[in-house]
2 protein chains.
Amino acid sequence: MAKKVLPPQTLLYPVPVVLVSCGELEGKKDIVTLAWVGVVNSEPPMVGIGVRPSRYSHELISKTREFVVNLPRADQVKAVEVCGSTSGRTSDKFATTGLTAVPGAKVRAPLIAECPVNLECRVQQIVNLPTHDLFLAEIVAVHVAEEVLDGHGRIDPDKARPLAYCNGQYWQSAVLPA
Amino acid sequence: MAKKVLPPQTLLYPVPVVLVSCGELEGKKDIVTLAWVGVVNSEPPMVGIGVRPSRYSHELISKTREFVVNLPRADQVKAVEVCGSTSGRTSDKFATTGLTAVPGAKVRAPLIAECPVNLECRVQQIVNLPTHDLFLAEIVAVHVAEEVLDGHGRIDPDKARPLAYCNGQYWQSAVLPA
């Protein structure tokens, strides 16, 4: 397999594209699109999200130490692009996207009703990296739309239509045939 | 959308399934399958990998502070399963899988020749979490097989056949139609 050496770059794939909601349901709130997201620990379940300090969501999450990871469907890619390219300092992204903020079970940060999966997260630790701060957070509650599950209670990608990102393109997922 | 609340769990998707190679080409070396992997920083490009302290790869990476993230193709899922379910303490996984260790450009850890993408990584920081240690590492060199690129130099998922993981199932990827 002939290979070429490329300059160092973030060529991990597929990485999830998520909408992170933060702030407070009845107060200042925001949505930011992130792909620098991953699981970091099993018990308790924990995720890490990388957020640039310049983002409004960084300010809100630093203050409340809570956020929600909302997993969008492929048909929500327009909202994903709006939330990734505009600032919550100057526009209310729930209003501009039409997405609905609903209360969580364990955190004050709003969930996005239209996303089939919502992970409520509480920040445990913040690691400062050169361009991003990495928020390491425990998943304290999980909400799943029954309509995206298969007969075994697993996520059915044909129904959940997961979005991933690579090299400036969006990818979709399907179950690998056995 | 009717939702149910599930116990806290690692329901982020899609997450990449990768083969992490470590140790030294001419000495002790190992391959471990991981899904708790993500990008954590943009400049310099950095990844985070979560590894249980009991794993042999944890021992090798802690010692050398280097590893390589190799991205397998869907047809390499058997090797992925072997490297995820056996220990490098008792078997040489390059031998049991038939995968080939080749030298890197910047690190002493071996690359896996058969994987279309290899990210050479140097550990910058280790964050101890309850069940996993999170190795935060700079990507110092990237190797890509020319045969998995599209006409624009981007990864073509039909050629690279990326593997992802969710709920005990393997997923594959395709470009989202515009």
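The values are calculated or read from the model by the stated rules, or taken from the named source; none is laboratory data. These numbers come from a predicted model, not from an experiment. Heads up, the Cβs are rebuilt from the backbone with ideal geometry, glycines too, and the neighbour counts pull from every protein chain shown.
Would you pick out the residues in segment A:57-76 that are in contact with a strand residue (DSSP E or B) (Cβ under 6 Å, 6 or more places away or on another chain) and under 17 Å from A:R108 (Cβ atoms)? Before you say what the answer is, go through the steps one by one.
Let us first name the residues in segment A:57-76 that are in contact with a strand residue (DSSP E or B) (Cβ under 6 Å, 6 or more places away or on another chain), namely A:57-58, A:60-61, A:65-72, A:74.
Within segment A:57-76, A:S57, A:L60, A:I61, A:R65, A:E66, A:F67, A:V68, A:V69, A:N70 qualify.
Quick one: which residue in B:T96, B:T90 is part of a helix (DSSP H, G or I) and surrounded by fewer than 24 Cβ atoms within 10 Å (Cβ to Cβ)? Steps first, please.
On the way: B:T90 fails: part of a helix (DSSP H, G or I).
When all the criteria are applied, what remains is B:T96.
Could you say which residue among B:Q169, B:Q76 is closer than 30 Å to A:R161 by Cα and more than 10 Å from every other protein chain (Cβ to nearest Cβ)?
On the way: B:Q169 fails: more than 10 Å from every other protein chain (Cβ to nearest Cβ).
Checking each option against the conditions leaves just B:Q76.
Which one of A:V127, A:V107, A:V123 is closer than 26 Å to A:P44 by Cβ, of a type in the set (V, I, T), within 10 Å of chain B (Cβ to nearest Cβ) and touching a strand residue (DSSP E or B) at 6+ places or on another chain (Cβ under 6 Å)?
Working: A:V107 fails: within 10 Å of chain B (Cβ to nearest Cβ); A:V123 fails: within 10 Å of chain B (Cβ to nearest Cβ).
Criteria check complete, one pass: A:V127.
Output the residue which, of all residues in segment B:4-44 that are touching an Asp or Glu at 6+ places or on another chain (Cβ under 7 Å) and surrounded by fewer than 24 Cβ atoms within 10 Å (Cβ to Cβ), is modelled with the highest pLDDT.
So, considering only residues that are touching an Asp or Glu at 6+ places or on another chain (Cβ under 7 Å) and surrounded by fewer than 24 Cβ atoms within 10 Å (Cβ to Cβ), the one modelled with the highest pLDDT is B:P44.
From the list B:V77, B:V82, which residue is in contact (Cβ under 8 Å) with a residue 60 or more places away in the chain and either under 20 Å from B:G168 (Cβ atoms) or surrounded by 23 or more Cβ atoms within 10 Å (Cβ to Cβ) (or both)? Spell out how you get there, then give the answer.
Values: B:V82 fails: in contact (Cβ under 8 Å) with a residue 60 or more places away in the chain.
None of the other options fit; the residue is B:V77.
I need the full set of residues from segment A:1-27 which are among the aliphatic types (A, V, I, L, M) and either under 19 Å from A:R65 (Cβ atoms) or touching a residue at least 60 places away in the same chain (Cβ under 8 Å) (or both), in order please. Give the steps one after another, and end with the answer.
Restricting attention to segment A:1-27, the residues satisfying the condition of being among the aliphatic types (A, V, I, L, M) are A:1-2, A:5-6, A:11-12, A:15, A:17-20, A:25.
A:L11, A:V15, A:V17, A:V18, A:L19, A:V20, A:L25, listed by residue number.
Filter segment A:83-102 for residues that are away from every other protein chain (no Cβ under 12 Å) and in contact with a Leu (Cβ under 7 Å, 6 or more places away or on another chain) and give the result.
Our first condition is that a residue be away from every other protein chain (no Cβ under 12 Å); within segment A:83-102, this holds for A:83-99, A:101.
Selection gives A:C83, A:A101.
Which one is nearest to the other protein chains (Cβ to nearest Cβ), of the residues in segment B:148-162 that are part of a strand (DSSP E or B) and more than 21 Å from B:P44 (Cβ to Cβ)? Can you show your working first?
Initial filter on segment B:148-162 (part of a strand (DSSP E or B)): B:149, B:155, B:162.
The next check asks that each one be more than 21 Å from B:P44 (Cβ to Cβ); those that pass are B:149, B:162.
Numbers: B:L149: 9, B:P162: 5 Å.
Top of the filtered list is B:P162.
Filter segment A:100-147 down to the residues that are surrounded by fewer than 23 Cβ atoms within 10 Å (Cβ to Cβ), within 15 Å of the chain's Cα centre (by Cα) and not in a strand (DSSP E or B) and list them by number.
Matches in segment A:100-147: A:A113, A:E114.
Would you pick out the residues in segment A:157-178 that are buried (at least 18 other Cβ atoms within 10 Å of the Cβ), farther than 22 Å from B:L149 by Cβ and not aliphatic (A, V, I, L, M)?
A:P157, A:R161, A:P162
If you go through segment A:163-178 one residue at a time, how many are part of a strand (DSSP E or B), closer than 27 Å to B:E138 by Cβ and not hydrophobic (A, V, I, L, M, F, W, C)?
Number satisfying all stated conditions: 3.
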